[in-house]
Amino acid sequence: MISENNSRKECVIFLINSAAYSREYFAKLSEAMIPFGVSPLFVLDSHLSDVMSGENAALPNAKYFTDFCKERIASPKNDSAPSPLNWHILFSDFDRFLTFEIDPPLKKNGPMDYQQAIGFLGQFFEEILEEYQPKAVVYEQVSNSFAMAAFRSAQKRDVPFFSLAPARIGGHVEISPTGAMRDHVTVGEIWSRIQIEKPSPAAHEVAESFISSIDVQVPDYMRPGGDGAALIKTGLASKYLTREMAQKFFRALRYRMKYRDDAAHAYQFGDPLTAARALFYRAVKRRFRMGAVSRLYKDHVEADRFFLYPLHFHPEASTSILASDFVDELNVIKAIAFRLPSDVKLVVKEHPSATALQPLSFYRALDALPNVELLAPHTNAKEMARRSIGVICLTSTLGFEAAALNKPVICLGDVLYGYFPNVRMIEHYGDLDEALEWAFQYEPLDSALIQSAMTAYAEYIDVGSFSFKGSLQDPAAIEHIAKLLVSKMDRHNMREKPQSAA
């Protein structure tokens, strides 16, 4: 039971970067957790969020990575130990730079380079966790190098890294104590347990309802007003000619003018106007190529036998963190298509939120492949999954839905639903041939087995909602997440440190 009369305050670290509304959300979430004995420590990548959403004021009880970098450069420590981190930690950041066509913020002749940034990241989090001995770290799912460095340091000390994300079933949230890294193991253990023990009636009901009504199920992040739904917009006026965007522009201008030294060490974002300009150009290019790309889409599948491959939104954690070897989707599609028999095609469905975001050359290359059909974003993906031999994807929600439909699913990379009995995760292209052979020979499983696997996921998730922007207008939603987090932190500590018998 959660008690609000806890006189002992325990440190909980809340990570904040420059993602929109994350500062406001975590500030309110931490405030809601204070009555339960939480002493919040905010750890930020830079002072950019102070300007963009904090009225130029630093957060109390906060540590800033850019301040650490400046201090360490001014007064270097004699530490010859190599960084525990390697270059791969920057993959997600550079995937974003390359996708958005943004010049990396750190310049080779600047006050700090990326090799120093890697070293400082390791030192920064090692020193913070050593000094504050936190009960937990809280963030969204690990999606960038700043979060990954924190996760690695927390993992070394057996400190839980609680990540927040909307669940794949509407009206629910995923709260992972491992930053959503390899969660298929965690949920797989739940599934193993409920195959022996009786699952909770509530979880069984959620799973049964989801499977029976899957055609009308929509995750919260794709509903109107959800974080993902906003990405579907292609109208430039509705995106950029708003009071909110004007305010962001002037705040970014203020950061450029008054925080030059901070921006010079802000390795993830740097000058926000540079990033904003790149995103605007991307939106303009998307708008102008929309007509040419739309002419390449098909409204229905012509092939009799086919695998379904959903394109993914880039960049995001599910690809650049959990499937980093497969972010080049043109190569992925070619690797799959040219392994198929001559009477089987690969149907590639556009992502609703990423329509025409790829260069025109990407879509023309897909159109040129002899056994690939490019399907329009508005087509019914679940119906296409039913008609297909199986679904092949990176970490797509469609793969989760296809698993619920009792279809064979091949996932490239690490995916939460990888524990399902009809899902195969592969780590490299060399595994594709065997996985495809398995999919061709697949026979539908006993529906009870699919039901029990879904019930395990239903036990893993919690009723609730999470949205950086949307939840700010819903104090009850934030209060609910705060109580869930405190309860899970307490249970985690009891499991790790069982009390001795009296």
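The values are calculated or read from the model by the stated rules, or taken from the named source; none is laboratory data. Here the structure is a predicted model, which means the values were calculated and not measured. Note that we place each Cβ from the backbone using ideal geometry, even for glycine, and neighbour counts take in every protein chain shown.
Matching residues to (1) assigned to a loop (DSSP other than H, G, I, E, B); (2) without any contact (Cβ under 8 Å) to a residue 60 or more places away in the chain; (3) out of contact with any Ser or Thr (no Cβ under 6 Å at 6 or more places or on another chain); (4) acidic (Asp, Glu):
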{"position": "Phe313", "(1), (2), (3), (4)": "yes, no, no, no"}
{"position": "Asp325", "(1), (2), (3), (4)": "no, no, yes, yes"}
{"position": "Ile336", "(1), (2), (3), (4)": "no, no, yes, no"}
{"position": "Asp343", "(1), (2), (3), (4)": "yes, yes, yes, yes"}
{"position": "Ala365", "(1), (2), (3), (4)": "no, yes, yes, no"}
{"position": "Pro370", "(1), (2), (3), (4)": "yes, yes, yes, no"}
> For region 413-430, which residues satisfy the criterion of being buried (at least 19 other Cβ atoms within 10 Å of the Cβ) and either in contact (Cβ under 8 Å) with a residue 60 or more places away in the chain or farther than 16 Å from Ser318 by Cβ (or both)?
Replying inline: Gly413, Asp414, Val415, Leu416, Tyr417, Gly418, Tyr419, Phe420, Asn422, Arg424, Met425
>> From the list Glu479, Glu443, exactly one residue is modelled with pLDDT of 95 or more and not assigned by TED's automatic domain parsing to the domain that holds His204. Which is it?
In response: Glu443
>> Of the conditions (1) buried (at least 17 other Cβ atoms within 10 Å of the Cβ); (2) outside any strand (DSSP E or B), Ile392 satisfies every one except a single condition; which number is it?
In response: (2)
>> I'd like to verify a number: residues in region 284-305 that are touching a residue at least 40 places away in the same chain (Cβ under 8 Å) and either buried (at least 16 other Cβ atoms within 10 Å of the Cβ) or not in a helix (DSSP H, G or I) (or both), how many?
In response: 12
> Do you know which residues across region 441-452 are over 20 Å from Ala203 (Cβ atoms) and loosely packed, with under 15 Cβ neighbours inside 10 Å?
Replying inline: Gln441, Glu443, Pro444
> Picking from Pro475, Pro444, which residue would you name as being of a type outside the set (A, V, I, L, M), in contact with a Lys or Arg (Cβ under 9 Å, 6 or more places away or on another chain) and touching a residue at least 60 places away in the same chain (Cβ under 8 Å)?
Replying inline: Pro475
> Going by the structure shown, is Leu374 more than 18 Å from Glu437 (Cα to Cα), in a helix (DSSP H, G or I) and in the same structural domain as His428 (by TED's automatic domain parsing)?
Replying inline: no
